[in-house]
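Have a look at the structure below before the remarks.
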Amino acid sequence: MTTPQTTNLANALAKAFDPVAIESHWYPVWEAAGYFNAGAVADKPAFCIQLPPPNVTGTLHMGHAFNQTIMDAMTRHRRMCGDNTLWLPGTDHAGIATQIVVERNLEAQKISKHDLGRDKFVEEIWKWKQFSGDTITQQMRRLGASTDWSREYFTMDPNLNEAVTEVFVRLFEDGLIYRGKRLVNWDPKLKTALSDLEVVSEEEDGHLWHIQYPFADGAIDGVVGLTVATTRPETMLGDVAIMVHPEDARYTNFLGKHVKLPLTDRVIPIIADDYVDPAFGTGCVKVTPAHDFNDYAVGQRHKLEQINVLTLDAAIAATMPEAYRGLDRFVARKKIVADLDALQLLIKTEKHKLKVPRGDRTGTVLEPLLTDQWFMAVDKPAPANHPHQPGQSIAKKALEVVASNEIKFVPEHWVNTYNHWMNNIQDWCISRQLWWGHQIPAWYDELGNCFVGRDEAEATAKARAAGSLGVLRRDADVLDTWFSSALVPFSSLGWPQKVDSDLMRRYLPSQVMVTGSEIIFFWVARMIMMTTYFTGKIPFETVYIHATVRDAEGKKMSKSEGNVIDPVDLIDGIEIEPLLVKRTSGLRRPETAPKVAERTKKEFPAGIPAFGSDALRFTMASYASLGVNVNFDFKRCEGYRNFCNKLWNATRFVLMNCQVTNDETGELSTLDVGLNAADAVYLSPLDNALISNLQQLEMAVNRAFTEFRLDTVAAEIYQFVWIEYCDWYLEFAKVQLAQSRAVLESATATPAERDHATAAARGTRRTLLRVLEVCLRLAHPLIPFITEELWQKVAPLAGKEGASICIQPFPQAQPEKLNADAEAFVAELKLSIDAVRNLRGEMGVSPAEKVPLYVDSQSATVMAQMPYLCALAKVSTAHHVAALPDVNAPVAVTKSANWMLDIKVDIAAETERLNKEIVKLDAEIASVQLKLSNASFVDRAPPAVVAAEQQRLADRIAKVVQLRAQMAKLS
RNA sequence: GGGUGCUUAGCUCAGCUGGUAGAGCGUUGCCCUUACAAGGCAAAUGUCGGGGGUUCGAGCCCCUCAGCACCCACCA
């Protein structure tokens with residue numbers, strides 16, 4: 001017989017959960033042990049997730065924390081389920097974005113990139129990349145990300161660089177990459193082209209200027225000229241025509257005539273094109289093919305000249321009239337308007353709202369500009385001998401793999417977004433006039449002939465073969481950063497060197513791509529296009545689109561707006577002062593700093609407390625429903641930090657009850673927890689009910705994982721651990737252990753009684769331990785650190801072995817352990833306890849006070865309930881009577897019995913309480929009666945539903961009868 | 001101008017194939033009960049955006065209106 005000497009646990013677990021020590025301890029252990037490295041066992045299913053590589057522009061934000069928590073939970077889940085997991089990490093060079101950051105840093109030191117020159121400047125960016133990349137990977141470790149660091153990549157690593165070159169050359173050779181002078185979105189500040197996707201248009205206040213263009217040969221029919229309306233008058237210097245709608249009766253007379261372009265000496269024709277909307281403005285539109293995308297198309301249709309007005313930095317070009325040369329576009333605009341006014345050609349100026357295109361990174365107003373750029377032809381058929389999609393265009397194929405359900409979107413409606421974009425896709429401008437990125441593998445001879453090759457030698461050979469003998473000069477431009485990102489699904493696995501490697505076979509396609517909706521076009525679509533074209537495989541099976549993280553007010557989090565939260569600050573906590581410094585630096589509009597500070601002080605008056613990584617992750621998971629937005633409220637972290645503490649203390653309780661410390665030696669020894677198969681174990685209905693519930697939890701959690709519902713995973717675990725396990729079962733367990741102890745300490749107990757008490761204590765301890773141990777494994781994907789720490793303590797006692805919880809099997813339900821009878825017993829017991837507790841509450845009994853109780857039943861069920869009920873509802877003594885005493889105390893009616901506290905009653909309060917309850921019941925009875933008296937309900941509703949209603953009616957009527965009787969006694 | 005999503009308790013959000021409205025936080029009492037005050041027990045709060053329809057029955061399906069958010073688009 002083992003009798004506890006003491007339950008001193010000072011050397012086992014601290015009284016409160018302290019995340020800092022745990023987290024810093026476990027991550028390095030996991031990493032060193034290689035638990036996260038890609039599995040090498042061929043016969044296990046593969047599970048791969050490609051991390052959307054964070055930009056090396058600084059640090060991770062809440063969006064990353066959200067995104068990564070989801071991926072980590074999924075990866076840890078599948079790893080525990082026995083899959084070969086590969087969560088592949090990397091970082092993205094993020095061309096423009098990173099170059100801008102480093103440029104700004106240098107500007108702060110009064111250095112311009114031109115002072116340094118290209119090579120030195122790129123060196124500076126590499127230094128920054130090192131710093132930012134290290135910060136990011138460190139943050140990921142703090143978040144507990146179980147990525148395979150041994151395969152970490154950077155999009156400008158040599159092997160990925162090689163993939164980029166290979167892809168470029170092949171697409172060029174297949175005729176799907178071309179170079180040409182086209183109208184592109186031009187950022188005059190950065191002096192680079194941008195793709196359509198990098199343009200953000202917002203409505204701004206502007207003007208619509210009405211300008212008269214006089215007829216070249218004098219008035220016609222008394223009309224001196226035509227009036228056009230424009231929002232960008234400076235571009236008129238490049239006008240090559242005026243167009244009207246062909247059926248616009250006002251102007252048909254003038255078709256084919258000419259006008260004199262004001263401020264120049266040019267004469268331009270009046271043409272007809274049905275692009276013109278006669279109802280807008282004057283119905284006359286100036287045509288400027290070199291500076292407007294519509295006009296460009298009109299110009300093509302009518303074979304018009306393209307006259308460029310602007311330089312690369314958006315000043316008026318040297319080819320323009322002298323008066324305007326060299327003027328900035330906006331200065332020139334003012335001058336031109338003034339000059340037209342002076343010439344009395346400015347008819348009127350209207351206020352006008354217009355969409356102004358700006359660069360998404362710089363906010364600069366963009367100009368459509370004619371420049372030489374490289375494009376990818378997405379709509380052009382692939383060569384007839386292409387191995388994977390002969391004769392089929394890249395966009396077509398990308399649509400096909402989604403239409404065929406090879407690639408699924410979750411939530412599904414994002415397919416529409418994808419299809420819409422893909423059906424209207426334009427050729428992709430892939431060249432950028434930047435210094436940071438993959439340099440385009442194209443070389444030119446002195447005549448401008450272009451040779452594309454994998455390296456200079458190959459290009460030279462092609463040049464020589466074509467008869468070009470001079471020196472070659474490499475194209476200075478780099479590729480759009482998304483060009484390399486698009487290759488990640490295969491370039492990160494070793495392509496092109498390893499085309500048929502184990503890695504490629506196993507981890508391409510990956511199982512799920514986890515990302516926000518904002519990069520469906522930028523990245524998801526392009527990965528699909530590139531991966532299918534070059535590997536014949538889809539890049540991933542499922543695209544899981546998660547919400548965008550916003551601040552508590554629903555505003556998009558942005559460093560330049562000063563409302564970002566660094567996930568590490570939620571983990572470690574931060575004082576208000578440093579938080580203010582963080583938030584007020586680097587603002588887009590520095591003058592907003594006081595406001596930002598004010599808002600920050602209001603939201604975080606005392607800074608941010610340290611919640612720990614697990615609490616942050618649990619919060620993120622609980623936010624991961626399939627919605628569009630997440631308005632992040634840090635207070636939820638507090639709730640989940642408390643949950644971690646709950647789990648911690650539940651473990652403390654379990655250990656206290658399963659281990660003893662010898663007072664003299666200080667040695668810890670384990671009590672009998674039923675590990676020895678030969679020992680009899682008695683499981684009470686309460687033990688069995690908990691175990692039964694646990695099976696349901698296991699089913700629910702596994703199902704939720706497969707449905708990508710991490711919010712459900714979190715909610716299920718939270719509910720089970722806190723409510724079922726801690727609030728109910730732990731209290732029941734105390735009763736059971738106390739009962740056994742009483743028997744074992746009794747001098748009069750028979751041997752049979754002692755045996756049963758031993759078996760029961762064994763069963764309780766075993767249930768406590770095993771259920772806890774399972775909960776730890778269930779929760780591990782969400783809260784890896786605390787579960788590891790606790791599992792190390794709990795698992796050995798529960799008869800489990802293993803170096804780490806990371807690689808333990810994920811709990812799966814055992815249907816044979818479902819136990820409806822036990823669950824029903826506990827459900828009924830809970831109702832009884834609730835009823836008695838409710839009586840106490842109603843009668844204002846102090847929670848500390850124990851009170852006597854009457855119950856009008858001695859049924860087996862009630863007798864079995866009593867020990868638990870007395871403990872949980874603080875009953876001093878229970879009197880079992882045939883009928884409750886005929887006094888005016890309140891009665892609680894439950895399924896099991898009628899209950900009454902033996903204390904003095906406040907008659908007024910009790911009358912009120914009864915009245916309230918009777919009214920409620922009457923209303924319910926009336927509504928059920930109405931339903932049941934409806935013939936069509938009884939006839940047409942399923943019999944089970946009708947029966948349930950009838951039962952409900954009977955119950956309520958019985959109850960109300962009881963209450964009425966009680967009421968009668970009061971008066 | 002098209003398209004998508006959203007509108008449920010004071011706040012943030014769950015509600016599966018239609019069958020008696022839920023959670024967390026917050027609020028209000030009372031308790032430092034030997035796992036946990038980062039806690040326990042109890043309590044209050046909803047014409048599920050408005051209107052119409054289908055159905056025995058609608059938060060859920062259909063129509064319509066309103067508001068919010070986002071995405072796409074070439075109106076000078």
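The values are calculated or read from the model by the stated rules, or taken from the named source; none is laboratory data. The structure displayed is predicted, hence computed values, not measured ones. When we count neighbours, we look across all protein chains shown, and the Cβ atoms used for this are built from the backbone with ideal geometry, even at glycine. Surface accessibility is based on the protein's heavy atoms, side chains included, excluding ligands, DNA and RNA. Shrake-Rupley method; radii C 1.70, N 1.55, O 1.52, S 1.80 Å.
Those residues that are of a type in the set (D, E) and within 11 Å of RNA strand B (Cβ to nearest atom), I need them from the stretch A:580-638; list them, please.
Across the stretch A:580-638, the qualifying residues are A:D614, A:D633, A:E638.
Of the residues A:R754, A:R741, which single one is open to solvent by 60 Å² or more (accessible area, probe 1.4 Å) and within 15 Å of RNA strand B (Cβ to nearest atom)? Steps first, please.
Details: A:R754 fails: within 15 Å of RNA strand B (Cβ to nearest atom).
The match here is A:R741.
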Step by step: first the residues of the stretch A:539-550, then only those that are open to solvent by 20 Å² or more (accessible area, probe 1.4 Å) and within 15 Å of RNA strand B (Cβ to nearest atom), then the one that is farthest from A:P594 (Cα to Cα). Which residue is that? A:T548
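Kindly provide the set of residues from the stretch A:322-359 that are in a loop (DSSP other than H, G, I, E, B), exposed (fewer than 14 other Cβ atoms within 10 Å of the Cβ) and of a type outside the set (A, V, I, L, M), ordered by number. Steps first, answer last, please.
First pass over the stretch A:322-359, keeping only residues in a loop (DSSP other than H, G, I, E, B): A:322-327, A:343-345.
Those still in the list that are exposed (fewer than 14 other Cβ atoms within 10 Å of the Cβ) too: A:322-323, A:326, A:343-344.
Listed by number, the residues that qualify are A:E322, A:G326, A:Q344.
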Tell me, yes or no, whether the stretch A:436-457 has at least one residue that is crowded, with 16+ Cβ neighbours inside 10 Å, without any contact (Cβ under 8 Å) to a residue 24 or more places away in the chain and touching a strand residue (DSSP E or B) at 6+ places or on another chain (Cβ under 9 Å). yes
Six or more apart or on different chains, Cβ atoms under 7 Å: show the pairs whose first residue is in the stretch A:113-134 and surrounded by fewer than 18 Cβ atoms within 10 Å (Cβ to Cβ) and whose second is charged (D, E, K, R). A:L116/A:E124
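Pick from A:K904, A:K931, A:K916: which is charged (D, E, K, R) and not in a helix (DSSP H, G or I)?
Working: A:K931 fails: not in a helix (DSSP H, G or I); A:K916 fails: not in a helix (DSSP H, G or I).
Answer to the check: A:K904.
Only one of these is among the acidic types (D, E), under 30 Å from A:T252 (Cα atoms) and open to solvent by 50 Å² or more (accessible area, probe 1.4 Å): A:D372, A:D277. Name it. Quick ask: steps written out before the conclusion?
Details: A:D372 fails: under 30 Å from A:T252 (Cα atoms).
The conditions single out A:D277.
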For the stretch A:904-941, enumerate the residues that are more than 9 Å from RNA strand B (Cβ to nearest atom), under 14 Å from A:R956 (Cα atoms) and among the β-branched types (V, I, T). A:I918, A:V919, A:I925
Select from the stretch A:637-664 the residues that are surrounded by fewer than 18 Cβ atoms within 10 Å (Cβ to Cβ) and closer than 11 Å to A:T619 by Cα and list them in ascending order. A:E638, A:G639
What about A:L853, is it within 14 Å of RNA strand B (Cβ to nearest atom), at negative phi and touching a residue at least 40 places away in the same chain (Cβ under 8 Å)? no
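Quick check: anything in the stretch A:221-241 open to solvent by 40 Å² or more (accessible area, probe 1.4 Å), within 46 Å of the chain's Cα centre (by Cα) and near RNA strand B (Cβ under 10 Å from one of its atoms)? Spell out the reasoning first.
So the first thing to find is which residues in the stretch A:221-241 are open to solvent by 40 Å² or more (accessible area, probe 1.4 Å), and the list is A:221-224, A:232.
Now narrow it down to the ones that are within 46 Å of the chain's Cα centre (by Cα): A:232.
Narrowing further to those that are near RNA strand B (Cβ under 10 Å from one of its atoms): A:232.
The answer is yes, given that some residue of the stretch A:221-241 is open to solvent by 40 Å² or more (accessible area, probe 1.4 Å), within 46 Å of the chain's Cα centre (by Cα) and near RNA strand B (Cβ under 10 Å from one of its atoms).
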Look through the stretch A:422-435, keep the residues that are within 22 Å of A:L176 (Cβ to Cβ) and open to solvent by 50 Å² or more (accessible area, probe 1.4 Å), and return whichever of them is farthest from RNA strand B (Cβ to nearest atom). A:D427
Taking the stretch A:253-298 as the search range and keeping residues that are among the acidic types (D, E) and free of Cβ contacts under 8 Å to residues at least 12 places away in the same chain, which one is farthest from RNA strand B (Cβ to nearest atom)? A:D265
Is it true that some residue in the stretch A:370-386 is within 30 Å of the chain's Cα centre (by Cα) and among the aliphatic types (A, V, I, L, M)? yes
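Residues are listed down the side, and each one gets a yes or a no for (1) more than 13 Å from RNA strand B (Cβ to nearest atom); (2) open to solvent by less than 10 Å² (accessible area, probe 1.4 Å); (3) closer than 30 Å to A:Y623 by Cα:
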site: A:A680; (1), (2), (3): yes, no, no
site: A:Q695; (1), (2), (3): yes, yes, yes
site: A:Y729; (1), (2), (3): no, yes, yes
site: A:A760; (1), (2), (3): yes, no, no
site: A:V774; (1), (2), (3): yes, no, yes
